[in-house]
Amino acid sequence: GKAMIDYIVKYYDQILRMLLDHGKMVAVSIVISFALAFVLSVVVRRFRNLSGVVLTVFVGVYCIPSLALFAFLIPFTGLGQVTAIVALVLYNQIFLIRSILAGFNSVPSAAREAARGMGIGFMNSLLKVELPLALPAILGGVRVAAITTSGITTVAALINAGGLGVLLFDGIRTMNFNKVWIGVILVCAFTLLLNWGLSVLEKRSLRRARGER
């Protein structure tokens, strides 16, 4: 209503800063998460007996409630965004490693054999032949990780990491439901937009993998 609009007009600079902090934490977390997951997936793919151990470890990490994981990390990384990002990177591994491995496993064996027949090495085959074909499945995992990350980033406001969660928790603490609703709307809008953008990339990569324009 009018009260919500008045609040946005009065505090738009603070709200914008929270939105930018939220976006930064999500983006940095996803980039670091993907880099780590890709390296781990390549290692697991090369040494397949490690896959069970790696996946079990990250399933265990994902089962830890976010506030408990934050509390565990705070003595090492302190309050703020660093702790939030470390926790988000750890949470994302299970989605990303699974999707990367599933993507590579979906590559037709004929494509691998052709790469092997051309005499290119393991990493060249992985990056130049298998990765483009595996990309749709990988982006599906990135999309799930990004949605999850946005939700957990909201909770990170409780450890002074900033972001849109500040609006939610401050609103609840002060019984200011205009702040709560603005926070809810912005988190939902940000997450839906992120989901849509990654869905578009996923569909494009699927068409390319099929050889379509």
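The values are calculated or read from the model by the stated rules, or taken from the named source; none is laboratory data. As the structure is a prediction and not an experimental result, all values here were calculated from the model. Please note: Cβ atoms are built from the backbone with ideal geometry, for glycine as well, and neighbour counts cover all protein chains shown. Just so you know, the surface numbers come from the protein's heavy atoms only, side chains and all, with ligands and any DNA or RNA stripped out. Shrake-Rupley method; radii C 1.70, N 1.55, O 1.52, S 1.80 Å.
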Query raised in the report: Of the residues in segment 21-49, how many are under 21 Å from V107 (Cα atoms) and open to solvent by 50 Å² or more (accessible area, probe 1.4 Å)?
Result: 8
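Of all residues being closer than 25 Å to V129 by Cβ and charged (D, E, K, R) in segment 171-213, which is surrounded by the fewest Cβ atoms within 10 Å (Cβ to Cβ)? Just the residue, please.
If we take residues in segment 171-213 being closer than 25 Å to V129 by Cβ and charged (D, E, K, R), then R213 is surrounded by the fewest Cβ atoms within 10 Å (Cβ to Cβ).
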Requested in this report: Could you grab the pairs with beta carbons closer than 8 Å, sequence gap of 6+ or different chains, first residue in segment 115-141 and modelled with pLDDT under 85, second one open to solvent by 60 Å² or more (accessible area, probe 1.4 Å) and of a type in the set (D, E, K, R)?
Outcome: A115/K128; I120/K128; F122/R46; S125/R116; P132/R208
Requested in this report: Show the residue pairs that are 6+ apart or on different chains and have beta-carbon atoms under 6 Å apart, the first residue being within segment 160-182 and basic (K, R), the second being in a helix (DSSP H, G or I) and crowded, with 16+ Cβ neighbours inside 10 Å.
Outcome: K179/L167; K179/G171
**Report entry** V89 vs. criteria surrounded by 21 or more Cβ atoms within 10 Å (Cβ to Cβ), modelled with pLDDT of 85 or more and out of contact with any strand residue (DSSP E or B) (no Cβ under 7 Å at 6 or more places or on another chain)
**Finding:** yes
Report summary line: Here the residues within segment 7-20 that are open to solvent by 40 Å² or more (accessible area, probe 1.4 Å) and of a type in the set (A, V, I, L, M, F, W, C) are I8, V9, L16, L19, L20
Query raised in the report: If we scan segment 144-157, do we find a residue that is of a type outside the set (S, T, N, Q), out of contact with any strand residue (DSSP E or B) (no Cβ under 7 Å at 6 or more places or on another chain), surrounded by fewer than 21 Cβ atoms within 10 Å (Cβ to Cβ) and not in a helix (DSSP H, G or I)?
Result: no
Query raised in the report: Given the residues F76, F95, F104, F72, which is the only one that is under 22 Å from F38 (Cβ atoms) and either open to solvent by 40 Å² or more (accessible area, probe 1.4 Å) or at pLDDT 95 or above (or both)?
Result: F95
Query raised in the report: Taking interchain pairs and intrachain pairs at least six residues apart, which have beta carbon atoms under 6 angstrom, with the first residue in segment 83-96 and free of Cβ contacts under 8 Å to residues at least 40 places away in the same chain and the second in a helix (DSSP H, G or I)?
Result: V86/L73; V86/T77; L90/V61; I94/F58; I94/V59; I94/Y62
